[in-house]
């Protein structure tokens, strides 16, 4: 049975997983929905109470019923590279491709429904709270007065996009940023604004969850440095770190409730060693962590994609530690 | 009329790195000019930064 990977050609992070799948002899078909129709073709037949479907890409033909798993890694927008692209063709192509795949019974990393829900940052914060993970005091509002009052309660704040997305017209980046003490919050009325108590962090934590495996990495930082680790200039390396068992238990509750097979959690570690939940990216990057730490994330993903849907023993920190 | 969060926006950084590899549809992998598999060259991947979180990504915000 075949592993289907939905991603762009330039995705060298996906390559890291394909290498492991190839080494273990697991058939792989990799395609980008942006090439449907064109370089990617599909056909599905619903006749006499049964379904037969096929996908074709790069000279490979695979039966949809013969898929063991689907890895939704970094797929392009369906039909984006069609000869005559249009919003209508994108919707037609998306419905055909994902509609057929949803019915095939393969295991997903991650299922589109779970992924769609898990992208909502406000939902993440609430789920983290329910799972017992420490969440910094947060306000999402369009009321300037509410923002002002929140700033009086929590004078040291950061602001970041609610969606995590960045504006493209023109292209700009909106990093997590410290809010000036004398900030004027009147512009809060012009868009939902996420304000959060700043954690004076001594380290960033990236926790990568693959199925039952949890691999945590830690990067030390100056508490007064750039808030957003993606923008911080730092020579400090990412290093593997053991995670507190209680945190592991709570994260496991999170991914179980979110129905995620993969998640990249970001935490801020404060001076007391507390890991504060910031977000969980359901398709977060992992290549940079593996390259720096040597943690076997790609291998873990490959093994998850290759295995049948049987329960596996829980493993934490890359060891065989069983967690209840 | 600009939303509050955009007061903190910065110009998106354009990657100046030129990909040192090309996609091989037969292998379903990116390969270097000398034929080696790009994903196996961790020092190159680190140098190019192609597997890092990409703040400001045009197409994906799950970084």
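In whole Å, what three semi-axes, largest first, describe the equivalent ellipsoid of segment A:179-243 built from its Cα gyration tensor (square root of 5 times each eigenvalue)?
30, 17, 9
What angle, in degrees between 0 and 90 and rounded to the nearest 10, separates the Cα long axis of helix A:297-306 from the longest principal axis of the Cα atoms of chain A?
Around 40 degrees separate the two axes.
Mind checking Rg over Rh on segment A:1-76, alpha carbons, Kirkwood formula for Rh?
On the way: Rg = 12.9 Å, Rh = 13.0 Å.
Rounded to two decimals, Rg over Rh is 0.99.
Taking each residue in A:279-288, count the Cβ atoms of any other chain within 10 Å of its Cβ, then average. What number comes out? Before the final figure, lay out each step's value.
Numbers: counts 1, 1, 5, 1, 4, 4, 9, 2, 9, 7.
Rounded to a whole number, the mean comes out at 4.
Report, please, the projected area of segment A:40-151 averaged over directions, based on the convex hull of its C-alpha atoms, in nm².
For the Cα atoms of segment A:40-151, the hull's average projected area reads 11.7 nm².
On a C-alpha basis, how far is the centre of segment A:194-257 from the centre of segment A:1-59 in Å? Whole number, if you could?
Distance between centres, Cα-based: 33 Å.
Can you give the Kirkwood hydrodynamic radius for segment A:221-285, in Å, rounded to one decimal and based on Cα pairs?
13.5
Jot down the per residue volume, in cubic angstrom and as a whole number, of the convex hull over the alpha-carbon atoms of segment A:80-122. The partial results should precede the final answer.
Values: hull volume 4.4 nm³, N = 43.
It is 103 Å³ per residue.
Can you put A:275, A:238 in order of Cβ neighbours within 10 angstrom, beginning with the fewest?
Going from sparsest to densest Cβ surroundings: A:238, A:275.
From the gyration tensor of the Cα coordinates in segment A:90-157, what semi-axes in whole Å does the equivalent ellipsoid have, largest first, with each one equal to sqrt(5λ)?
Each semi-axis is √(5λ); the values are 38, 16, 7 Å.
How far is helix A:87-102 tilted, in degrees, relative to the longest principal axis of the Cα atoms in chain A, given as a value from 0 to 90 rounded to the nearest 10?
80
From zero outward in steps of 10 Å, how is the percent of C-alpha pairs of segment A:138-197 spread across the bins?
Per 10 Å bin, starting at 0, the Cα pair percentages come out as 24, 56, 19, 1.
Could you work out, residue by residue across A:190-196, how many beta carbons of other chains sit within 10 Å of that residue's beta carbon, and then give the average as an integer?
For this peptide, the per-residue mean of nearby foreign Cβ atoms is 3.
Can you put A:277, A:143 in order of Cβ neighbours within 10 angstrom, beginning with the fewest? Don't skip to the end; give the middle numbers.
Working: A:277 26, A:143 14.
Final ranking by Cβ density, sparse to dense: A:143, A:277.
Can you give the direction-averaged projected area of the convex hull of the alpha-carbon atoms in segment A:199-316, in nm²?
7.2
Over chain A, how many percent of alpha carbon pairs lie in each 20 Å bin up to the one with the longest distance?
The calculated distribution, bin by bin, is 28, 54, 17, 0.
Every number in this text was worked out from the coordinates using simple rules, so none of it is lab data. Everything numeric here is computed off the predicted structure, so don't read it as measured data. Cβ: placed from backbone, ideal geometry, glycine included. Neighbour counts: every protein chain shown.
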